[in-house]
Amino acid sequence: MFVARSIAADHKDLIHDVSYDFHGRRMATCSSDQSVKVWDKSENGEWHCTASWKTHSGSVWRVTWAHPEFGQVLASCSFDRTAAVWEEIVGESNDKQRGLSHWIKRTTLVDSRTSVTDVKFAPKHMGLMLTTCSADGVVRIYEAPDVMNLSQWSLQHEISCKLSCSCISWNPSSSRAHPPMFAVGSDDSNVTYGGKVQIYEYNENTRKYAKAETLMTVTDAVHDIAFAPNLGRSFHVLAIATKDVRIFKLVPMRKESTSTGPTKFEVQIVAQFDNHNSQVWRVSWNITSTLLASSGDDGCVRLWKANYMDNWKCTGILKGDGSPLSGSSGQPTAMSTVVGSSVHTSQNALNGMSAGRVGKRAPFAPPVRQLTSSKIYQHSAYY
Amino acid sequence: MSGSKPDILWSPHHPDRYVICDSELGLYRIGPVGSAETKAGTLPLSEETAATLLAINSDTPYMKCVAWYPKHEPECLLAVGQANGRVVLTSLGQSHNSACKELVGKEFVPKHARQCNTLAWNPVDSNLLAAGLDKHRADFSVLIWDISSKFSPETSVAADKIRLSSVDLDSSTVVTKPLYELGQNDACLSLCWLLRDPKLLLAGMHRNLAIFDLRNTSQKTFVNTKAIQGVTVDPHFHDRVASFFEGQVAIWDLRKFEKPVLTLTEQPKPLTKVAWCPTRTGLLATLTRDSNIIRLYDMQHTPTPIGDETEPTIIERSVQPCESQIGSFAWHPSSQNRMVVVSAANRVMTDFTVFERISLAWSSTTSLMWACGRHLYDCVEDGAEGVESMIEKDIATKMRQRAQSRYGHDTVQVWRNHLLAGGNDPQLKSLWYDLSYILFDDDVEEMPAQRDAVYLGITIIEKDMECWSGSDRQTDVPRYLSEERCLALRLCGWISRGPDIDVEIFLRTLEQEREWERAAAVALFNLDIRRAIQILNKGATAEKGDLNLNVVAMALSGYTDEKSSLWREMCSSLRLQLKNPYLCVMFAFLTSEPGAYDGVLYESSVAVRDRVAFACMFLSDAQLPRYIDKLTNEMKEAGNLEGILLTGLTKDGVDLMESYVDRTGDVQTASFCMLKGSPGDVLKDPRVQCWIENYRNLLDAWRFWHKRAEFDIHRGKLDPSSKPLAQVFVSCNFCGKSISYSCSAMPHQGRGFSQYGVSGSPTKSKVTSCPGCRKPLPRCALCLMNMGTPVSNCPGTGKSDEKVDLTRENKLAQFNNWFTWCHNCRHGGHAGHMLSWFRDHTECPVSACTCKCMQLDTTGNLVPSDSS
């Protein structure tokens, strides 16, 4: 179903993040070698590195694209306690022919006292806003009031999360029914500190972000977090990479018009998978939030998909080095006993077995068998 | 090391062999599972690998520590340190080797017996074996033995010569005189030779770390510390050393030996092993007692830990290679990030690879990119491979395909949209048929007052129900008829327009579609058993027909009214075993009491439209609304698009669609479907607006810009309020008025100007000037003509590769006349001229302007992916 091919990345050290632009034609990677590379996809589908430059004086943890409506803009964050905003400019006349582009630093955000662990642009409809989170547990929201001048960023909000932050994700919903909202995860491994995922929501009246929810059931270190593209759904879906893959559903409760507090959510856990064994490092949603990819300590990339009954199951496993998976299961034998989570135990066992193949039809009542098809003739009389 | 605690050593030369030592030594060979499977006695280590026991050596009791001889020859020589301080050379297998023979069994005995804590072979001068012993009064605790020396201390000369001269096999194999004695009056807990200089030995003494130099044994460099256990040199960075004490690891830099460059976070339990990864720089693995977790510290990013104030970066992570508690582990010497782990009890072994953390991202076009280590992998969904994969295809892929097949755009034959969607989704099929019935019912057109009802669906119609007439045709089953019920039947597609209920056309089309069971059921519901039987017979005899249908027909023909007949009894019990839902409901209908048709009405596998039609015929005015309400709520809850028949494009329909979108994410269908709803009511719903915005955003992300534009046009037709205003106004340089000829853009001049536009007035031809002040428009930067003059073919571009076909050229010619300008430098001219200029140039054609007009916009250079 999926085929992987290798690209010569030519980074001199571990790559920490990969990020696509809005159209999926450009890509940025960042690495411990302190550089960021920008890749462009040619018409034949090949990726070419068109820019590579030293961005920070430490490992670069994350890189992210702004919406193209704001220009070709990247943000990066690093162990060197800074985040930076980069913009592509039209360089020397022959640069384009040589397939190179030129990026210049527009600003360095130096407010953090510790390693900046994640950087994300807010959804487009909020304007050009950038969020960082850092190991000292502070989330900072910057805004570029003038989108033509990317060197000016003002620190709008500083939110202390009390716990060392590792990742942040904006709720991408542009619906007016949903106020701006983001989730922040902590990699603090001390279980006694409680929930490691906090959700903050913007309050129109106070003009501040207030904590709307803490996912108390997630007590282990969280390595990545991702809101699913909302796509007009009435609820939000959040994927969390902790010691397992978890998918939460946040259903906004009907709000009384008088209440001014943050939205109350009904939090449901819809899936929990420990197939990765031990830690899960990253989660990523596809554009319709119907496919989730995760990577973990088993060195595999797993694809998850829900059926009509909202039952999530594994539809594919790919080895991290792109090689096909031998054997039907992606786990070491010693690991297959680990299976068994609180939610979908039997389902997990099934995943272990059917993994790697095209998923079988899910065990639920099939949809209605036959429908009208005949009226073509009869109906065409009307036209 | 306690006696029973196992340890692992990889062979320095054979990448597939290792030794486990606990109470005895066991040599294992590791291999792929497939090849070893047939052999008995192999132990699975992982999915792919298994180990075979090659040899066991239990000659040396009281083992405390083991070290593997680092040179190739003899290859399987091991030094074993014992509880009494003796060091014994032993071997596993291959003892026939002569070079080995003379060494095996040799014993090195210290003056005073005490525990031997550690052993270390010199990596260069491999005759030297260092042993670290417990303290014994003022005795030395670090002894360096020369393995080639004989028992008599006199003969211990230079190592090279010894090998040639050692022929005396009969001599006792006990050596008592060490080559060097170090660390007087102290205890030695760990040892390692420094890689930067093989004459230097680092020893973890009682309360300090000491570096002994064999060239000058009287001197030592030392630093007082508690962290003296498990000293080990980073194989990739020879000045970096790790040692530990209790739960804390200290990292030292030998060039700055005064204090540790860093200490790692303390573990609650004491550490038992610390090892540098031999295949990756700066990766340190640690193990604590009674744990099944190995912690990894990645110090990769500090090649020079000396750095002034820069704190080294450490990424900490833990891996869990197996379920049981780990006794020990050993990195594989050459395989990347691989280790073998042995459990604390029972010698359970696991082959384990530590994977790099993979970061990943989906692109908008459903391709997945991930980074593993320093490599990137691009993963694309493989294109069409049969029906099976079509079912499994993700909605994102489906929507892309449907967008390209112009799904939703057929406004004349609305039902055809389900074919454009691929024609294999029963819900979409039902939806588009419903919409085409609802939107194009003639009666509704005849009654303009009811025009609004088009969007309403059956629920509303049912509520209007006033009159009914029971009719009795040859049976006692009461059937209900009214104008509204007829309309409902028509919406269900059972009957065509006309005063009487005639399902014959419908039956015939069903027969053509080979839906025999359904046709039979419909016939039966119209109380025509004979026709039903006839249909079933036809179905049985038809090509590839199901002969069982004959049996069903037979059963049908036995229908009897008798309440207590055997037929009735059998039918009601056996019908549940019928697989086809229509056959099932036929018998349910025949065996039910009039008015109690739950067996038919709640058979969820039967199409909603058939159930509704059935209900309209057989349920009373009291029952019918109740049933319809219930069914509607069920459909709304499930987000079943068949329910659109019931709700129509009303608020209820939006509710239903909301659950459908929640479930599937198919905003495409939702957008197109709701666009057909009434603009005032449904389209204003924020949810509908949200779906439409999301769908447009999807199209944009896919670079289906043409499709998005088409969608906007389509939307504009159905929802005039969505039409955007003019985007650009160009004002005259002199008078400041808009130079547009369109009257709508010039509200003041209104009608007069439009006359001026269309009439053949002489001013019309003067398009090269501003309509307001008649001053000339700016000139094209290339042809230097005033804008508004038709473009002449530029001679410079008459290249051979521009043999465009005529129609296309004509289309382009119009476009060539357009105004165009760079928003950056404000220079411009005829679009055609500018385009051809930038084919060969990067800078603006205006002299002294260095603007790179064409490269300014990266998105502008992207090609729409849906252009033909």
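The values are calculated or read from the model by the stated rules, or taken from the named source; none is laboratory data. Computed from a prediction, not measured in an experiment: that's the story for all the values here. Every residue, glycine as well, gets a Cβ built from its backbone with ideal geometry; the counts of neighbours run over all protein chains shown.
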Q. Within the stretch A:159-186, which residues are surrounded by fewer than 21 Cβ atoms within 10 Å (Cβ to Cβ), touching a residue at least 60 places away in the same chain (Cβ under 8 Å) and touching a strand residue (DSSP E or B) at 6+ places or on another chain (Cβ under 6 Å)?
A. A:Pro179
Q: State whether one or more residues within the stretch A:230-245 are more than 10 Å from every other protein chain (Cβ to nearest Cβ) and among the aromatic types (Phe, Trp, Tyr).
A: no
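Is it the case that B:Arg611 is closer than 22 Å to B:Gln512 by Cα, out of contact with any Pro (no Cβ under 9 Å at 6 or more places or on another chain), at pLDDT 80 or above and surrounded by fewer than 16 Cβ atoms within 10 Å (Cβ to Cβ)? Please lay out each step first, then the result.
Working: closer than 22 Å to B:Gln512 by Cα: yes; out of contact with any Pro (no Cβ under 9 Å at 6 or more places or on another chain): yes; at pLDDT 80 or above: yes; surrounded by fewer than 16 Cβ atoms within 10 Å (Cβ to Cβ): no.
Answer is no for this residue.
So which of B:Thr49, B:Thr60 ends up being within 14 Å of chain A (Cβ to nearest Cβ) and in contact (Cβ under 8 Å) with a residue 24 or more places away in the chain? Full working, then the answer.
Working: B:Thr60 fails: within 14 Å of chain A (Cβ to nearest Cβ).
Going through B:Thr49, B:Thr60 in turn, the sole match is B:Thr49.
State whether the residues of the stretch A:293-305 include one that is at pLDDT 85 or above and on the phi > 0 side of the Ramachandran plot.
Of the residues in the stretch A:293-305, the ones at pLDDT 85 or above are A:293-296, A:299-305.
So of that shortlist, the ones also on the phi > 0 side of the Ramachandran plot come out as A:299.
Within the stretch A:293-305 (the criterion being at pLDDT 85 or above and on the phi > 0 side of the Ramachandran plot), the answer is yes, since at least one residue qualifies.
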Q: Mind listing just one residue for me: the one in the stretch B:391-440 that is at the interface with another protein chain (Cβ under 10 Å from one of its Cβ atoms) and among the polar types (S, T, N, Q) and, of those, farthest from B:Asp666 (Cα to Cα)?
A: B:Gln413
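Quick check, is A:Ser323 without any contact (Cβ under 8 Å) to a residue 12 or more places away in the chain, of a type outside the set (Asp, Glu) and either surrounded by fewer than 23 Cβ atoms within 10 Å (Cβ to Cβ) or facing another protein chain (nearest Cβ under 8 Å) (or both)?
Yes; evaluated as a whole, the condition is true for this residue.
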Q. From the residues in the stretch A:274-285 that are facing chain B (nearest Cβ under 8 Å) and at pLDDT below 90, which one is nearest to A:His236 (Cα to Cα)?
A. A:Gln279
Q.
Please count how many residues of the stretch A:50-63 are crowded, with 19+ Cβ neighbours inside 10 Å, among the hydrophobic types (A, V, I, L, M, F, W, C) and more than 20 Å from B:Ile358 (Cβ to Cβ).
A. 1
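Taking A:Lys54, is it among the basic types (Lys, Arg), in contact with a His (Cβ under 9 Å, 6 or more places away or on another chain) and more than 9 Å from chain B (Cβ to nearest Cβ)?
Values: among the basic types (Lys, Arg): yes; in contact with a His (Cβ under 9 Å, 6 or more places away or on another chain): no; more than 9 Å from chain B (Cβ to nearest Cβ): yes.
No.
Okay, residues lined up against (1) out of contact with any Asp or Glu (no Cβ under 6 Å at 6 or more places or on another chain); (2) surrounded by 14 or more Cβ atoms within 10 Å (Cβ to Cβ); (3) modelled with pLDDT of 85 or more; (4) more than 19 Å from B:Val341 (Cβ to Cβ):
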| residue | (1), (2), (3), (4) |
| --- | --- |
| B:Ile8 | yes, yes, yes, no |
| B:Ser11 | yes, yes, yes, no |
| B:Asp16 | yes, yes, yes, no |
| B:Val19 | yes, yes, yes, no |
| B:Arg29 | no, yes, yes, no |
| B:Val33 | no, yes, no, no |
| B:Leu45 | no, yes, no, no |
| B:Ala50 | yes, yes, yes, no |
| B:Leu53 | yes, no, yes, no |
Q) Among (1) in a strand (DSSP E or B); (2) of a type in the set (Ser, Thr, Tyr); (3) at pLDDT below 85, where does B:Ser171 come up short? A) (1)
Q.
Looking only at the stretch A:33-44, count every residue that is more than 8 Å from chain B (Cβ to nearest Cβ) and farther than 23 Å from A:Ser115 by Cβ and tell me the total.
A. 6
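Matching residues to (1) more than 39 Å from the chain's Cα centre (by Cα); (2) within 13 Å of another protein chain (Cβ to nearest Cβ); (3) closer than 27 Å to B:Arg530 by Cβ:
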{"position": "B:Val585", "(1), (2), (3)": "yes, yes, yes"}
{"position": "B:Pro594", "(1), (2), (3)": "yes, no, yes"}
{"position": "B:Val600", "(1), (2), (3)": "yes, no, yes"}
{"position": "B:Ser605", "(1), (2), (3)": "no, yes, yes"}
{"position": "B:Val608", "(1), (2), (3)": "no, yes, no"}
{"position": "B:Arg611", "(1), (2), (3)": "yes, yes, yes"}
{"position": "B:Gln623", "(1), (2), (3)": "yes, no, no"}
{"position": "B:Lys630", "(1), (2), (3)": "yes, no, no"}
{"position": "B:Glu634", "(1), (2), (3)": "no, yes, no"}
Q: Output the residue which, of all residues in the stretch A:286-297 that are facing chain B (nearest Cβ under 7 Å) and within 28 Å of B:Thr353 (Cβ to Cβ), is nearest to the chain's Cα centre (by Cα).
A: A:Ala293
Q: Those residues that are charged (D, E, K, R), touching a residue at least 12 places away in the same chain (Cβ under 8 Å) and touching a helix residue (DSSP H, G or I) at 6+ places or on another chain (Cβ under 9 Å), I need them from the stretch B:680-716; list them, please.
A: B:Asp681, B:Asp685, B:Arg687, B:Arg696, B:Lys707, B:Arg708, B:Asp712, B:Arg715
Q) In the stretch B:623-653, what residues are touching a Gly at 6+ places or on another chain (Cβ under 8 Å) and in a helix (DSSP H, G or I)? A) B:Gln623, B:Leu631, B:Thr632, B:Glu634, B:Met635, B:Lys636, B:Ile644, B:Leu645, B:Leu646, B:Thr647, B:Asp652, B:Gly653
(Q) Just to be sure before I move on: is B:Gly639 touching a residue at least 24 places away in the same chain (Cβ under 8 Å), closer than 25 Å to A:Asn307 by Cα and surrounded by fewer than 21 Cβ atoms within 10 Å (Cβ to Cβ) in the structure I sent? (A) yes
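Could you go through the stretch A:286-294 and let me know if any residue there is assigned to a loop (DSSP other than H, G, I, E, B) and surrounded by fewer than 22 Cβ atoms within 10 Å (Cβ to Cβ). I'd like the intermediate steps shown before the answer.
Of the stretch A:286-294, the ones assigned to a loop (DSSP other than H, G, I, E, B) are A:286-290.
From what's left, surrounded by fewer than 22 Cβ atoms within 10 Å (Cβ to Cβ): none.
Within the stretch A:286-294, not a single residue is assigned to a loop (DSSP other than H, G, I, E, B) and surrounded by fewer than 22 Cβ atoms within 10 Å (Cβ to Cβ).
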Q. For the subset of the stretch A:167-180 comprising residues that are touching an Asp or Glu at 6+ places or on another chain (Cβ under 8 Å) and modelled with pLDDT under 95, which member is farthest from the other protein chains (Cβ to nearest Cβ)?
A. A:Pro180
Q) Does at least one position in the stretch A:16-32 carry a residue that is more than 10 Å from chain B (Cβ to nearest Cβ) and touching a helix residue (DSSP H, G or I) at 6+ places or on another chain (Cβ under 9 Å)? A) no
Q | Out of B:Val608, B:Val654, sole residue that is within 30 Å of A:Trp285 (Cβ to Cβ) and touching a residue at least 24 places away in the same chain (Cβ under 8 Å) | A | B:Val654
Q. How do the strands (runs of 3 or more DSSP E) wholly within the stretch B:317-387 filter down when requiring 3 or more residues that are more than 10 Å from chain A (Cβ to nearest Cβ) and either under 18 Å from B:Glu48 (Cα atoms) or out of contact with any strand residue (DSSP E or B) (no Cβ under 9 Å at 6 or more places or on another chain) (or both): which remain?
A. B:338-343
**Q.** Qualifying residue in the stretch B:432-440 (condition: modelled with pLDDT under 80, part of a loop (DSSP other than H, G, I, E, B), in contact with a helix residue (DSSP H, G or I) (Cβ under 7 Å, 6 or more places away or on another chain) and surrounded by 21 or more Cβ atoms within 10 Å (Cβ to Cβ))
**A.** no
Q: Give just the number: which of (1) at pLDDT 90 or above; (2) part of a loop (DSSP other than H, G, I, E, B); (3) of a type in the set (Asp, Glu) does B:Asp700 not satisfy?
A: (2)
